[in-house]
Amino acid sequence: MRSVLIPTDFTPESLQLMEYALLNFPGEPLHVVLVHGLRSPDSKWGLIQFSSRREAKKLRSEAFENALNRICKTHARSIGSVQTLMFTGRNTHAFKNAIEPLGITDAVVPENGTLNCRNRRSFDPTRYIRKCVDCVAEVPYETDQREASRQQFSLQNLLNLRT
Amino acid sequence: MRLRTRITAIFVLLTALLLLGVFTFIFLFSGFYTQREFKVRMEGRLVQLATVLETSPVLGTAPGEEGTADLAAYQGPALPEEAVGAYPIPSHPEMAEIIAGQGLPESFARDLQESGSATWEQGGRFYRGMLADLPGGETLLLLSARDTYGLNKQRNLLNLLILAYALSLACLLLLGEYFASQALNPINRIIRKVQSIRAGNLDERLEVGRGKDELAELAGTFNNMLDRLEIAFDQQSRFINNASHELRNPLTAILGLTEVGQTRQRDAASYRDLLRDIEREANRLDHLVDGLLQLAQTGESGKGFTAVPFRVDEIAMEIKEAMTVSGPGERIRLDLEQLPDDAREITLTGSPTLFKVALGNIVENACKYSGDHPVQLRVLNDGNDILILVADKGVGIPPGELTNIFEPFYRGSNVRSSRGYGFGLPMAYRIVRLHHGDIRISSQPGKGTLVTIRVPNLQGQRGLA
């Protein structure tokens, strides 16, 4: 089973990348790893309390769950399994270490656009994927580019004020 | 009436009513307190009179006889137009006679009997009576006076309030006019700006500003509408360009061929060849015009088509069969393994003919642009929706062109050498939209295209209704 890494911002739109994974790797079941970047807490108490599974559960909206279930059901034969990876590191080495046990061989990332991470502590792990995975397929990703761009370059984002 | 005038009028009217209520309240309560103060002063004067009479009681002795006390000690500031009287009263009926003799009502005598004191006001003159137990027996003390100062005070207050009210109204009018114009200025700016936007400067937008108020929302809504208008204009312009281009090509070919035929005398075989070429180009033109007509008929309104329930899997099978006859059907892998047990879950109400055209166009495109690779056609159910997946491993659609593929006559930059008119996908899109469905396309050059059609089944359509 081929393991494919796909960045996600836990929006239904980001799951388009899964369809592109199916286009790129047809004929074999895929183990899809959805990776989401999340800054680890700054305080000691926060670190003690931190649970990536709980954070993932908080970020996964109902619409996202429905869309994921729908894609998995539609392409049941092509998608073997889906796993979520919360990356809390801050550099390429940490990312390599995080994906190493998963046996990732390929990745599908958005070509021009960036993921629209609304959460204050979330970040787009696409740049780490480009550096750490050997075969990266860059695919068109349809999203509201103006909204994504506005958010990406907003003062709120620069000062990390988003909630 | 203009909105500005209406806002000013409502503002002034409401404030004027409020002010009128407040001023009336002030005036009435001021009168009430003035009267109460005057009555207290009358009471004080009567108590003073009773004290004087207690020490030097020189009173009449006969019942009802008016006494003449030495009122030298009864001094101090008298009330305006003050008149006093002290009447010894052996019995209550006689008191009533005395009171009636003074022109006072019976209720005055009744109040006196019940509470020992009474007050009456007539024509601006106040009467105050009090029963005092003096050494000469029970005595009725009567005092009458006119509250000249209080009346003057009330009159002055009334004048002041009327003046203040008039000035307030004038100020309110000016302020109301100013604030109404201030409030409506942004709307006037929006109106002027919107009026200045024509087909030539559709790229201009209204200033939204930094605020998050209703006016910013209105400007934002106008801008969104202008965005849509601009896109529609662009689409229309592109459509006209593409349509003219596509229509002109066969016409130019026909004109060229007829010109060639007229240049010199030819043999019959050459003329037949020429006529065959002209027929081919005329057929192409005919096909184009047919396509345009069909596209126009599949408008968003959905008028004129009879809706009947039909099964999507049957349509898919018919398409495969039809395409097998014409050639590429052999490469279609029809996958119906995930069909639900209940046929109603893959049944929808609509036009089976139109739906067949839509799905046929998509499958035909997939076959046309995927060379010898197989094309997968799957039908499955997802809750209240029917999903139709068409996957090919063809040339794909270049990035950036995905948003244009539903425009009539638009053809991908990597397939322009193939035969086609750019009608298939726009028509399919319109037909699917007519069936309350949606088409999503994921495509990558060299890898292939995945078309996902989602249409509501019978249950889903019931929910939409």
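Scanning the stretch B:440-454 for residues that are touching a residue at least 60 places away in the same chain (Cβ under 8 Å) and more than 7 Å from every other protein chain (Cβ to nearest Cβ) yields B:449, B:451, B:452, B:453, B:454. For the stretch B:305-320, the tally of residues that are among the β-branched types (Val, Ile, Thr) and either over 40 Å from the mean Cα position of the chain (by Cα) or surrounded by 19 or more Cβ atoms within 10 Å (Cβ to Cβ) (or both) stands at 3. With respect to the stated conditions, residue A:25 is within 14 Å of chain B (Cβ to nearest Cβ) and aromatic (Phe, Trp, Tyr).
When the test is whether a residue is surrounded by fewer than 19 Cβ atoms within 10 Å (Cβ to Cβ), closer than 26 Å to residue B:444 by Cα and touching a strand residue (DSSP E or B) at 6+ places or on another chain (Cβ under 9 Å), residue B:340 does not pass it. Would you be able to say whether some residue in the stretch A:44-57 is over 27 Å from residue A:26 (Cβ atoms), acidic (Asp, Glu) and part of a loop (DSSP other than H, G, I, E, B)? No, because not a single residue in the stretch A:44-57 is over 27 Å from residue A:26 (Cβ atoms), acidic (Asp, Glu) and part of a loop (DSSP other than H, G, I, E, B).
When the stretch A:10-22 is filtered for residues that are of a type in the set (Asp, Glu) and more than 9 Å from chain B (Cβ to nearest Cβ), only A:13 remains. Name, by its number, the condition in (1) closer than 25 Å to residue A:139 by Cα; (2) away from chain B (no Cβ under 14 Å) that does not hold for residue A:47. The single condition residue A:47 does not satisfy is (1). Among the residues of the stretch A:65-88, those that are in contact (Cβ under 8 Å) with a residue 24 or more places away in the chain and part of a loop (DSSP other than H, G, I, E, B) comprise A:75, A:77, A:78, A:88. Determine, yes or no, whether residue B:408 is within 14 Å of chain A (Cβ to nearest Cβ), at pLDDT below 85 and part of a loop (DSSP other than H, G, I, E, B). No, not satisfied. Annotation: of all residues in the stretch A:50-67 being farther than 16 Å from residue A:5 by Cβ and among the hydrophobic types (A, V, I, L, M, F, W, C), the one that is nearest to the other protein chains (Cβ to nearest Cβ) is A:67. Just give me the residues in the stretch B:427-439 being of a type outside the set (Asp, Glu) and either within 14 Å of chain A (Cβ to nearest Cβ) or assigned to a helix (DSSP H, G or I) (or both), in sequence order. Correct list: B:427, B:428, B:429, B:430, B:431, B:432, B:433, B:434, B:439.
Of all residues in the stretch A:71-99, those satisfying the criterion of being surrounded by fewer than 18 Cβ atoms within 10 Å (Cβ to Cβ) and within 14 Å of chain B (Cβ to nearest Cβ) are A:72, A:73, A:76, A:77.
Of all residues in the stretch B:177-226, those satisfying the criterion of being farther than 24 Å from residue B:3 by Cα and assigned to a helix (DSSP H, G or I) are B:199, B:200, B:201, B:224, B:225, B:226. For residue B:175, state whether it is modelled with pLDDT of 85 or more and under 29 Å from the mean Cα position of the chain (by Cα). Yes.
Restricting B:229, B:247 to those that are assigned to a helix (DSSP H, G or I) and either at pLDDT 85 or above or exposed (fewer than 11 other Cβ atoms within 10 Å of the Cβ) (or both) reduces the list to B:229. In the stretch B:21-29 there is no residue matching the filter, namely being among the β-branched types (Val, Ile, Thr), loosely packed, with under 13 Cβ neighbours inside 10 Å, part of a helix (DSSP H, G or I) and modelled with pLDDT under 90. Has the stretch A:16-23 got at least one residue that is in a strand (DSSP E or B), under 14 Å from the mean Cα position of the chain (by Cα) and within 23 Å of residue A:122 (Cα to Cα)? Within the stretch A:16-23, not a single residue is in a strand (DSSP E or B), under 14 Å from the mean Cα position of the chain (by Cα) and within 23 Å of residue A:122 (Cα to Cα).
Beta carbons closer than 6 Å, at least 6 apart along the sequence or on distinct chains, pair a first residue in the stretch B:370-392 that is facing chain A (nearest Cβ under 10 Å) and closer than 10 Å to residue B:333 by Cα with a second that is of a type in the set (Lys, Arg) and in a strand (DSSP E or B) for B:376/B:333. From the set of residues in the stretch A:104-125 that are buried (at least 21 other Cβ atoms within 10 Å of the Cβ) and under 17 Å from residue A:83 (Cα atoms), which is nearest to the other protein chains (Cβ to nearest Cβ)? Among those residues, the one meeting the criterion is A:108.
Condition check: modelled with pLDDT of 85 or more, in contact with a helix residue (DSSP H, G or I) (Cβ under 9 Å, 6 or more places away or on another chain) and either on the phi > 0 side of the Ramachandran plot or exposed (fewer than 14 other Cβ atoms within 10 Å of the Cβ) (or both). Does residue B:81 satisfy that? Yes; evaluated as a whole, the condition is true for this residue.
The values are calculated or read from the model by the stated rules, or taken from the named source; none is laboratory data. It should be emphasised that the depicted structure is a prediction, and the values quoted were computed from it without experimental measurement. Cβ atoms come from the backbone with ideal geometry, glycine included; neighbour counts cover every protein chain shown.
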